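The values are calculated or read from the model by the stated rules, or taken from the named source; none is laboratory data. Quick caveat, the model's predicted, so the values are computed rather than measured. Heads up, the Cβs are rebuilt from the backbone with ideal geometry, glycines too, and the neighbour counts pull from every protein chain shown. Remember, those area values only see protein heavy atoms, side chains included, never the ligands or the DNA or RNA. Shrake-Rupley method; radii C 1.70, N 1.55, O 1.52, S 1.80 Å.
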Amino acid sequence: MNNFLDNIPAIPVGTWVESVMDWLTSNFSLFFNLIQKNGKLLMNQVTDLLVSIPPIILILLVVIFAFFVTGKKFGLATFSLIGLLFIYNQGLWTQLMETTTLVLFSSIISIILGIPLGILMSKSTVAENVIKPILDFMQTMPGFVYLIPAVAFFGIGIVPGVFASVIFALPPTVRMTNLGIRQVPKELVEAADSYGSTSRQKLFKVEIPLAKSTIMAGINQTVMLSLSMVVTASMIGAPGLGREVLTALQRTQVGNGFVAGLGLVIFAIVIDRLTQSFNKKKTV
């Protein structure tokens, strides 16, 4: 049996993938260069805008927003104030703004792509059967693998970092949108049909409003997964707190690595609690 298996030639999957990548990069190089150039320009402008705002003003805006979105409670607002002041005190404010830009663009693109795909899955069993295995592949493939096509298409920098983050963070929004709409009681859908609602009216006035809690849960997970890719994306030149962690690792600087990692933890907690509180507020 072993001899028989040894005589079977290896399937050249790697060669096929490399051929596809070579074909894409050679035939769509202008398209990828356009995205790289304009995307980098846009994201740098957003980062510059965030950095230009006096830190104390931006911190106070976050604190006020956290206070009201949590129902005028002081817990998250106080944590945000102390945590953001700590990051500023450690000289990591610019890196935090760069991380914010990366997470912001990754999350927005994932949501823009994910919600329509989730709606399509909820409306078509065929689409669900096709898209589900792709989502499984995207979620189970190690995040480092996504860096390879990102670099091949867009070089190094924040744009390939966003590209890799979108692939990694997209599935939760798609899955939860599909799940939320499919869980809408059939009686309500039938009632909308009986009143002569169009498919568009039924979707936007019945199904999405009733599924918004589930959809928001998926968005929350997408944002957190985007943030979890910050350190990984720094390996291909993405700026921010992730680069500080990577640099500390390369130089065995335990203290600097701990401080940058703690900054990521603070940022993650603030973002997670804000999105969760917003969801609770909307579902009251």
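A compact table of results
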| quantity | calculated |
| --- | --- |
| Residue match in the range 202-211 (condition: modelled with pLDDT under 85 and surrounded by 15 or more Cβ atoms within 10 Å (Cβ to Cβ)) | no |
| Residue check, Leu61 on the phi < 0 side of the Ramachandran plot and either modelled with pLDDT under 90 or among the β-branched types (Val, Ile, Thr) (or both) | no |
| Any hit, the range 72-79, residues being under 19 Å from Leu102 (Cβ atoms), touching a residue at least 40 places away in the same chain (Cβ under 8 Å), part of a helix (DSSP H, G or I) and not aliphatic (A, V, I, L, M) | no |
| Cβ pairs under 8 Å, 6+ apart, first in the range 83-101 and among the small types (Gly, Ala, Ser), second open to solvent by 40 Å² or more (accessible area, probe 1.4 Å) | Gly83/Ile269 |
| Which listed residue, of Thr125, Thr70, Thr100, is among the hydroxyl-bearing types (Ser, Thr, Tyr) and open to solvent by 80 Å² or more (accessible area, probe 1.4 Å) | Thr125 |
| Some residue of the range 63-70 being in a loop (DSSP other than H, G, I, E, B) and hydroxyl-bearing (Ser, Thr, Tyr) | yes |
| Odd one out for Ser110, checked against (1) touching a Ser or Thr at 6+ places or on another chain (Cβ under 7 Å); (2) surrounded by fewer than 18 Cβ atoms within 10 Å (Cβ to Cβ); (3) not aromatic (Phe, Trp, Tyr) | (2) |
| For Gly263: the one exception among (1) among the small types (Gly, Ala, Ser); (2) within 25 Å of Thr78 (Cα to Cα); (3) surrounded by fewer than 18 Cβ atoms within 10 Å (Cβ to Cβ) | (3) |
